[in-house]
Amino acid sequence: MKPATKDAHRLFLQGQVALAKIEAAGLPVDPEKLKASHAAVDQATQELGRKLKSHDIFQLQRKIFGTKCSIGSREQLGSILFDHMKIPGATRSVKSGKYVMDVEALERINFDYVDWYVEYMQLQKIKGTYLNAISRDTIDGRLRGFFNLHNVKSFRGSADSPNLNNLPSRRAELARHVKGCICPPEGYYIVESDYSSLEVHVAACHNRDPTLIDYLENDYDMHRAVSKQCYIYEDDFIEQNPKLAKILRQATKSDAVFSWFYGNYYKDITLRLWKTATNNNMLEHLASKGIKRLGLEFDHNEGQWVEIPGADAYVTHVKSIEDDFWNKRYKVYNQWRKSWFANYLARGYFHTLTGFAWYGVEKRNFVINCPIQGDAFHCLLQAIIDIQAEIERIKMDAQIVCEIHDSIVAIVHKSQLHDYVAMANHIMTTKLREKWPWIILRLKTETEVSPVSWADKQPYTGKES
């Protein structure tokens, strides 16, 4: 991909300057809280390590591998789970032939030891990748990483040393160990301005699907609607089980709706949704609705899941939802995906809405997702450029200190908090649409603030002092 217009060149030239200023500003780090996080992670890792080592699976691993046994070896764990215990769900790397044992693959396995193992490895990552890096790279109380515009094929941004784009966030208790160390100076707030469903809005600008546009413009909860289909419940279930309904909605959002948008298919989605149902005691509820089995069996000889369909099979149920999703609910989006990829095959290239062109041989999912992800990041980048320019123009006591895919993090003096939030929101929504008329929907932002730490941020109310 390369800039194909003057505006695209200008965006990246100005963007390089803007990101360099973010690097120079750096994130403020509290050394005492950093020290406490190191101690807390060490303790949690040791306790979880003892729990793993007392489990029968690790005892089997020790028996088989002897002196070479390592609790952190994913290859050894894969051998135990799939070769010896015959647990279904194994996939092998095409290049190495080894079992795929990343977090995404492990989270498909519904087994207590595996869940503990994932948490253990995440704690180790927090220690090695983040806390150690923060300790090493913090100078004069500021953590300065690198923000790049040249490392991702889709022209999204990236970060390294450390990767500030990928700080832990999915599990709040783990994220706190890292983000709890990022603290604004006395008299300042940390402010995170986050685009709401930015990539979905940009997708709608590409495909012009009237259903998707209507949902976004009228704040229709598309994730809740699909969740009610996947787990077969109605509004009274939400009222009676609000916490569980929230868990099911979040699982559907990440494991079904966005998976379908990004090109995944029903088998993998079924496995993920079924695991959430199992972990949250939903199997009895599904059975009461006629869903009594998963409907997938793992063929160890072929190394893949085999579908055993039927009216009582969950895989059949999810497959029908996928058909409804693409052929009824978002049929215009579906047609756009087909025609977009067909045009790419015919021409050998495609253009983004922000003026970039991609030439080369890529798989279907990349060709469909690349312009959406790239254009969405460019929206954020343009907003960063304009917010920085406004801060400098009016000499506001504020600094942008980080960007994370679809959010902007700043340190703002409490006396100018409300002015900054209003200004940033106006630029990220109204001004950006004025600059780029191809944005046909209202953009939305959510703002969270805290005078304590990044981990303590709360929704902005306008009453902060």
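For the residues 349, 330, the requirement of being of a type outside the set (A, V, I, L, M, F, W, C) and over 29 Å from residue 159 (Cβ atoms) singles out 330. Please enumerate the residues belonging to the range 223-275 that are on the phi > 0 side of the Ramachandran plot and within 21 Å of the chain's Cα centre (by Cα). 263 - this is the single residue of the range 223-275 that is on the phi > 0 side of the Ramachandran plot and within 21 Å of the chain's Cα centre (by Cα).
Taken as a whole, the range 343-350 holds at least one residue that is farther than 25 Å from residue 106 by Cβ and crowded, with 16+ Cβ neighbours inside 10 Å.
Of all residues in the range 290-313, those satisfying the criterion of being in a strand (DSSP E or B) and open to solvent by less than 60 Å² (accessible area, probe 1.4 Å) are 296, 298, 299, 305, 306, 307, 313. Based on what the data block shows, is residue 388 closer than 22 Å to residue 17 by Cα, among the polar types (S, T, N, Q) and within 23 Å of the chain's Cα centre (by Cα)? No, not satisfied. One residue alone among 50, 74, 92 is surrounded by 13 or more Cβ atoms within 10 Å (Cβ to Cβ), farther than 14 Å from residue 124 by Cβ and charged (D, E, K, R), and that residue is 92. Looking only at residues of the range 233-267 that are surrounded by fewer than 16 Cβ atoms within 10 Å (Cβ to Cβ) and in contact (Cβ under 8 Å) with a residue 40 or more places away in the chain, we find that the one that is nearest to residue 109 (Cα to Cα) is 265. Restricting attention to the range 242-261, the residues being of a type in the set (A, V, I, L, M) and closer than 16 Å to residue 325 by Cα number 2. Only residues that are touching a Pro at 6+ places or on another chain (Cβ under 9 Å), open to solvent by less than 50 Å² (accessible area, probe 1.4 Å) and not in a helix (DSSP H, G or I) were counted in the range 434-463, giving 4. Scanning for something aliphatic (A, V, I, L, M), more than 26 Å from residue 162 (Cα to Cα) and open to solvent by less than 50 Å² (accessible area, probe 1.4 Å), does the range 394-408 turn up at least one residue? Yes: the range 394-408 contains one or more residues that are aliphatic (A, V, I, L, M), more than 26 Å from residue 162 (Cα to Cα) and open to solvent by less than 50 Å² (accessible area, probe 1.4 Å).
When residue 185 is tested against (1) part of a helix (DSSP H, G or I); (2) out of contact with any helix residue (DSSP H, G or I) (no Cβ under 8 Å at 6 or more places or on another chain), only condition (1) is not met. Taking the range 96-113 as the search range and keeping residues that are closer than 19 Å to residue 52 by Cβ and β-branched (Val, Ile, Thr), which one is surrounded by the fewest Cβ atoms within 10 Å (Cβ to Cβ)? Per the stated criteria, the residue is 103. Selection of the range 192-228 for residues being among the polar types (S, T, N, Q) and either part of a helix (DSSP H, G or I) or open to solvent by less than 10 Å² (accessible area, probe 1.4 Å) (or both) yields 193, 207, 211, 227.
Scanning the range 140-170 for residues that are more than 23 Å from residue 15 (Cβ to Cβ) and touching a residue at least 40 places away in the same chain (Cβ under 8 Å) yields 141, 168.
Among residues of the range 351-376 being among the hydrophobic types (A, V, I, L, M, F, W, C) and open to solvent by 10 Å² or more (accessible area, probe 1.4 Å), the one that is nearest to the chain's Cα centre (by Cα) is 366. Can you give me the number of residues within the range 409-423 that are open to solvent by less than 40 Å² (accessible area, probe 1.4 Å) and either outside any helix (DSSP H, G or I) or of a type in the set (Val, Ile, Thr) (or both)? Residues in the range 409-423 being open to solvent by less than 40 Å² (accessible area, probe 1.4 Å) and either outside any helix (DSSP H, G or I) or of a type in the set (Val, Ile, Thr) (or both): 5 in total.
Could we say that residue 173 is under 19 Å from the mean Cα position of the chain (by Cα) and farther than 29 Å from residue 13 by Cβ here? Against the criterion (under 19 Å from the mean Cα position of the chain (by Cα) and farther than 29 Å from residue 13 by Cβ), residue 173 qualifies.
When the range 168-186 is filtered for residues that are open to solvent by less than 20 Å² (accessible area, probe 1.4 Å) and modelled with pLDDT of 90 or more, the ones remaining, listed by number, are 178, 180, 181, 182, 183, 184.
Pairs linking a residue in the range 124-137 that is under 14 Å from residue 160 (Cα atoms) to a residue that is charged (D, E, K, R) and open to solvent by 60 Å² or more (accessible area, probe 1.4 Å), with Cβ atoms under 9 Å and 6 or more positions apart or on different chains, are 137/144. Looking at the range 1-47 only, could you name the residues that are under 30 Å from residue 356 (Cβ atoms), open to solvent by less than 30 Å² (accessible area, probe 1.4 Å), among the small types (Gly, Ala, Ser) and under 25 Å from the mean Cα position of the chain (by Cα)? Hits for the range 1-47 are 15, 18, 26. Could you check the range 433-465 and list, in sequence order, the residues that are closer than 13 Å to residue 414 by Cβ and not hydroxyl-bearing (Ser, Thr, Tyr)? Result: 449, 451, 452, 463, 464.
Looking across the range 114-167, the residues that are under 24 Å from residue 370 (Cα atoms), open to solvent by less than 30 Å² (accessible area, probe 1.4 Å) and touching a Phe, Trp or Tyr at 6+ places or on another chain (Cβ under 9 Å) come down to 149, 154, 155, 157, 158, 159, 164, 165, 167. When the range 198-222 is filtered for residues that are at positive phi and modelled with pLDDT of 95 or more, only 208 remains.
Conditions tested, residue by residue: (1) of a type in the set (A, V, I, L, M); (2) free of Cβ contacts under 8 Å to residues at least 12 places away in the same chain.
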residue: 4; (1), (2): yes, no
residue: 27; (1), (2): yes, no
residue: 41; (1), (2): yes, no
residue: 63; (1), (2): no, yes
residue: 113; (1), (2): no, no
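Scanning the range 285-294 turns up no residue that is under 30 Å from residue 445 (Cβ atoms) and modelled with pLDDT of 95 or more.
The values are calculated or read from the model by the stated rules, or taken from the named source; none is laboratory data. This one's a predicted model, so the numbers in the text were calculated from it and none came from an experiment. So basically every Cβ, Gly included, is an ideal-geometry build from the backbone, and we count neighbours across all protein chains shown. Please note that ligands, DNA and RNA were not included when accessible areas were found on the heavy atoms of the full protein model with its side chains. Shrake-Rupley method; radii C 1.70, N 1.55, O 1.52, S 1.80 Å.
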